[in-house]
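Colleague: Pasting a structure here, questions to come.
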Amino acid sequence: MLLGILADVHEDIVRLNESIEIFNAHRVDEVICLGDIVGICVPYYSYIETRDSNKVVEWVKENCPISVVGNHDLYAIRKIPVNSERFTFPANWYDLDFNKRKEIGGGKIWLYEDRELSALLNDDNKEYIRTLPEYLIQGYGKYKILYSHYFYPDVTGCLSVIIKDISELRQHFEFMKQNDCLYAFSGNDHFRGIKVFTEDSITEIRLGEKYILPDKPLWLHIPAVANGTQPNGVAIFNTDTREIEVIPLNTPPHTYKK
C-alpha cells in the first residue's frame with residue numbers, strides 16, 4: 001500500500017491543494033493526516049488572506065480515513081486533551097481567562113490567544129474535529145504504525161516541550177513496544193525534511209530524498225504542509241517495501257521580522 005502522509009496544514013488550502021496534486025501524481029492508496037488541520041499564528045505564517053479552515057477540514061474529512069487531532073485543533077474547539085499525564089488540566093480550563101491559564105500553566109502549556117487567529121470553523125467541522133482520536137494504531141501485514149500529532153504521552157502536542165535529549169522519549173518508545181508498533185509517525189515540530197528518532201540516535205531524511213526504513217523501532221517527524229518559517233513538504237511511504245520519500249512543496253519559507 002502506498003500512503004500519502006501530511007501534517008500541520010494549519011488552514012493552508014493553497015499548499016494542501018499542492019499536496020493533493022503530488023499524491024494524485026504518485027497514485028497513493030490512502031492519505032494520513034497527523035493533526036493541526038487548523039490554527040494559524042501571527043506572524044509565523046504568510047497566507048492569512050487565502051487560509052480556509054472549513055475547506056481544509058472538509059477535504060480531510062472526506063479523504064483521510066486515518067486522521068488524528070493536534071494541539072491547535074483542540075484549541076479551536078476548546079477541548080482538553082485526554083492524554084495529559086504530565087500536566088493536569090483543570091476541568092474549567094477554557095472558562096479561565098488567559099492570564100489565569102498562563103499562571104497555572106507555568107510555561108509548560110502552549111497558550112494561543114496572544115497570537116492565534118480564530119479558526120472560523122462552522123459547527124459541522126467543529127464536531128468532526130471533536131470526534132478525532134488523539135492517536136491511532138494501524139497494522140500493515142507484519143508490523144504496526146502509531147499515528148499521533150506528537151510523542152506519547154503528549155500525543156496532541158499541548159505541552160511546550162522541546163526535545164533536548166533522546167532519553168525524554170523513553171516513555172514514547174515503551175508505549176510503541178507495548179502496542180507492537182515498529183514505527184510511529186508524527187508532525188508538530190515543523191522540521192525541514194523528516195527527523196528520524198531511534199532509541200539512541202537522531203538522523204534526517206532531507207527534502208527530496210528516499211530512504212528504506214530499517215527493521216527497528218523508529219519515530220519519524222513529517223514536515224509541515226503549511227507555508228511557515230521552515231521548508232514544507234509531504235511524505236510518501238510504501239508499506240510493502242518500507243521506502244519513504246519526503247517531497248518538498250514549491251513555496252519559499254516565510255520570513256518575518258521579530
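Colleague: Just grab the label-to-label distance for Met1 and Tyr140, each label 7 Å out from Cα along the Cβ direction, in nm (one decimal).
Modeller: Using points 7 Å along Cα→Cβ, the separation is 0.9 nm.
Colleague: Residues in region 196-237, backbone N under 11 Å from the label point at Val14 (7 Å along the Cα-to-beta-carbon vector): list them, ranges by number please.
Modeller: Under 11 Å, as judged by backbone N against the label point of Val14, lie 227-228 of region 196-237.
Colleague: While we're on this one: In debye, nearest 20, what is the charge dipole magnitude of region 117-231 about its Cα centre with +1 on Lys and Arg Cβ and -1 on Asp and Glu Cβ, if you could check?
Modeller: Taking the Cα centre of region 117-231 as origin, the dipole is about 280 debye.
Colleague: Which entry in (1) 14.8; (2) 15.6; (3) 13.3 is this structure's computed mean projected area of the Cα convex hull in nm²?
Modeller: It is the value labelled (3).
Colleague: Would you please name the trypsin sites (Lys or Arg not before Pro) within region 143-175 that are DSSP coil residues with at most 14 other C-beta atoms within 10 Å of their C-beta?
Modeller: Values: sites: Lys144, Lys164, Arg170; in loops: Lys164.
Here the trypsin sites (Lys or Arg not before Pro) that fit, given the DSSP loop and packing criteria, are Lys164.
Colleague: Could you pull out every Cys in the chain that lacks a partner Cys with its beta carbon under 4.7 Å away?
Modeller: Cys41, Cys158, Cys181
Colleague: Among Lys55/Lys144; Lys55/Lys126; Lys142/Lys177; Lys55/Lys79, which pairs are too far apart, with a Cα-Cα distance over 19 Å?
Modeller: Lys55/Lys144; Lys55/Lys79, as the Cα separations exceed 19 Å there.
Colleague: Still on this structure, please answer the following. Please give, to one decimal in nm, the separation of the simple spin-label points placed at Arg242 and Glu113, each 7 Å out from Cα toward the Cβ.
Modeller: Distance between label points: 4.9 nm.
Colleague: Moving to a separate point now. Give me the number: length gained by fully extending Thr203 to Asp95, i.e. 0.36 nm times residue separation minus the C-alpha to C-alpha distance, one decimal in nm. Provide the component values of the computation, followed by the final result.
Modeller: Working: separation 108, 0.36 × 108 = 38.88 nm, distance 4.20 nm.
Using 0.36 nm per residue and subtracting the Cα-Cα distance, I get 34.7 nm.
Colleague: Show me the three semi-axes of the equivalent ellipsoid for region 141-215, from the C-alpha gyration tensor (sqrt of 5 times each eigenvalue), largest first, rounded to whole Å.
Modeller: 18, 17, 12
Colleague: Ok, one more. Could you check the simple spin-label distance between Tyr256 and Arg170, using points 7 Å along Cα→Cβ, in nm with one decimal?
Modeller: It is 3.7 nm.
Colleague: About the Cα centre, and with charges only on the beta carbon of Lys, Arg (+1) and Asp, Glu (-1), how big is the dipole of the chain? Nearest 20 debye, please.
Modeller: So the magnitude is around 460 debye.
Colleague: Are there trypsin sites (Lys or Arg not before Pro) in region 1-95 that DSSP marks as loop and that have at most 16 other Cβ atoms within 10 Å, and which are they?
Modeller: Arg27, Arg78, Arg86
Values in this text are rule-based calculations from the coordinates and carry no lab data. Here the structure is a predicted model, which means the values were calculated and not measured. Backbone-built Cβ (ideal geometry, glycine too); neighbour counts: all protein chains shown.
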